[in-house]
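Report on the following structure.
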Number of protein chains: 2
Amino acid sequence: MKVYKIPEATVMRLSVYSRFLHQLLDEGVNTASSEAIAQGVGVSSAQVRKDLAYFGEFGTRGVGYRVDELYGHLKSILGLDHDWNIILVGAGKLGSALALYQGFAERGFHVSTIVDNDKKIVGNKLGMVTVEPIEVMTQRVKEKDIKVGVLTVPASAAQNVTDLLVEAGIKAILNFSPRVLKVPNTVILRNVDLSVNLEVLSFNLNMNKKN
Amino acid sequence: MKVYKIPEATVMRLSVYSRFLHQLLDEGVNTASSEAIAQGVGVSSAQVRKDLAYFGEFGTRGVGYRVDELYGHLKSILGLDHDWNIILVGAGKLGSALALYQGFAERGFHVSTIVDNDKKIVGNKLGMVTVEPIEVMTQRVKEKDIKVGVLTVPASAAQNVTDLLVEAGIKAILNFSPRVLKVPNTVILRNVDLSVNLEVLSFNLNMNKKN
């Protein structure tokens, strides 16, 4: 399958579609039209068809998509047809919340190692995982062949931790620290700024007020 | 100022630009080219110019943008030129992390009320705010004229809480619960699924492997 450059917004919607299809499977629904998917997730049916068209021909005209088939395709496209080990660096409030977030494991993301540099936190159990001292970080990445790191450390520590993770062989970083990070081209970096979500809301509230 | 339909991706980038401009102001930088902004946030300079063009003419050819002026414009566009009161419903691990998240207050979002239905949590202090019983929720929204609600409740409670918030006069909801919510057209709903971010990473890791 030849894949062209896919817009990130499309990837995020594929993720949402796949969740909705999983819900349909749970409800015993076998086929779904693009209209049904569109309505279920709150986009237009043209958008659904356009997004799926990036990855070839799915579905049958007049019948719609086979739910299990499309769900399997989307999982494969999203890299969710196998499990991922994750290292979580920083076990403060946000780190703890992420470590215990059910949604990760459901989608095949397993927090297999948690490290922190705070001696008061090291030794705590978060779900099934015990927080280890940050000194074992690179060793755990190598021995468990971990490819994905999640950073919830203070801004001041973020670049240093990133450099160590990259050196240890991490290929993708999800960064919750409010800091612009430098990584080599071979490493995928994604920054999550939780306040951006609130700003999209306030932008829209502002626009509604003016109209 | 006449504003046309702005893509959400643009709004999210405006939020990122404004954060970078704030950083420049802190560093005493007075003017910035679109190239400098582009490099600072990791997009193309054409993208910066296109995003800003939605809102009229900023900047001077050959000189660039006045940092303080552009920052002021962006804050106003994003609805950040005044503060917002927020009610946080659900004070579990994720709710606590959000309540204590510095980034919100920095951008003018003040968590002024926190409620939970768990008697063991009610009475806890999160920063300056004491967790109150969920029974006072609608009363607080009305008396404090709160427009924005943040939901970190279990999926099973999410729609019920949403209905009560809407009835009380909430105009925008940021939903962290893994549940598709129904709101009237007059209410802005934004769903945050934290695992979507990981799925964008796994998608890209998958693509890199194939290329």
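Observations on the structure shown:
- Counting only strands (runs of 3 or more DSSP E) that fall entirely inside segment B:136-211 and contain at least 1 residues that are without any contact (Cβ under 8 Å) to a residue 60 or more places away in the chain and in the same structural domain as B:Ala91 (by TED's automatic domain parsing), the qualifying elements are B:172-175, B:188-191.
- Flag if B:Gly149 is closer than 27 Å to A:Phe203 by Cα, surrounded by 18 or more Cβ atoms within 10 Å (Cβ to Cβ) and of a type outside the set (Val, Ile, Thr): yes
- The set of residues in segment B:9-47 being over 20 Å from the mean Cα position of the chain (by Cα) and aliphatic (A, V, I, L, M) consists of B:Leu24, B:Leu25, B:Val29, B:Ala32, B:Ala36, B:Ile37, B:Ala38, B:Val43, B:Ala46.
- Here B:Asn208 meets each of (1) over 21 Å from the mean Cα position of the chain (by Cα); (2) more than 30 Å from A:Ile87 (Cα to Cα) with one exception, condition (2).
Listed here are the residues, each with its yes/no results for (1) of a type in the set (S, T, N, Q); (2) modelled with pLDDT under 95.
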residue	(1), (2)
A:Ala99	no, yes
A:Lys120	no, no
A:Gly127	no, yes
A:Pro133	no, no
A:Ile146	no, no
A:Gln159	yes, yes
A:Leu164	no, no
A:Leu189	no, yes
A:Val192	no, yes
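- Screening B:Val16, B:Val48, B:Val111, B:Val11 for residues that are closer than 25 Å to A:Leu205 by Cα, touching a Leu at 6+ places or on another chain (Cβ under 6 Å) and at pLDDT 85 or above leaves exactly one candidate, B:Val111.
- Restricting A:Val43, A:Val48, A:Val16, A:Val11 to those that are surrounded by 15 or more Cβ atoms within 10 Å (Cβ to Cβ), assigned to a loop (DSSP other than H, G, I, E, B) and among the hydrophobic types (A, V, I, L, M, F, W, C) reduces the list to A:Val43.
- Which listed residue, of B:Thr186, B:Thr130, B:Thr152, is over 30 Å from B:His22 (Cβ atoms), under 20 Å from the mean Cα position of the chain (by Cα) and either among the hydroxyl-bearing types (Ser, Thr, Tyr) or within 12 Å of chain A (Cβ to nearest Cβ) (or both): B:Thr186
- Contact annotation: residue pairs with Cβ atoms under 6 Å, 6 or more positions apart or on different chains, pairing a residue in segment B:20-48 that is of a type in the set (Asp, Glu) with a partner that is surrounded by fewer than 18 Cβ atoms within 10 Å (Cβ to Cβ) and in a helix (DSSP H, G or I), are B:Glu35/B:Ser45.
One line per residue, one yes/no per condition, for (1) in contact with a Leu (Cβ under 9 Å, 6 or more places away or on another chain); (2) at pLDDT below 95; (3) assigned to a loop (DSSP other than H, G, I, E, B):
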{"site": "B:Phe55", "(1), (2), (3)": "yes, yes, yes"}
{"site": "B:Tyr65", "(1), (2), (3)": "yes, yes, no"}
{"site": "B:Glu69", "(1), (2), (3)": "no, yes, no"}
{"site": "B:Ser76", "(1), (2), (3)": "no, yes, no"}
{"site": "B:His82", "(1), (2), (3)": "no, yes, yes"}
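- Criterion (assigned to a strand (DSSP E or B), within 14 Å of another protein chain (Cβ to nearest Cβ) and under 23 Å from the mean Cα position of the chain (by Cα)) met by exactly one of B:Ile6, B:Ile86: B:Ile86
- Complete set of residues in segment A:106-135 that are assigned to a helix (DSSP H, G or I) and surrounded by fewer than 16 Cβ atoms within 10 Å (Cβ to Cβ): A:Glu106, A:Glu135
- B:Ile86 vs. criteria closer than 21 Å to B:Phe176 by Cβ and buried (at least 22 other Cβ atoms within 10 Å of the Cβ): yes
The values are calculated or read from the model by the stated rules, or taken from the named source; none is laboratory data. The shown structure was predicted, so the numbers you read here are calculated from the model rather than taken from an experiment. Cβ atoms come from the backbone with ideal geometry, glycine included; neighbour counts cover every protein chain shown.
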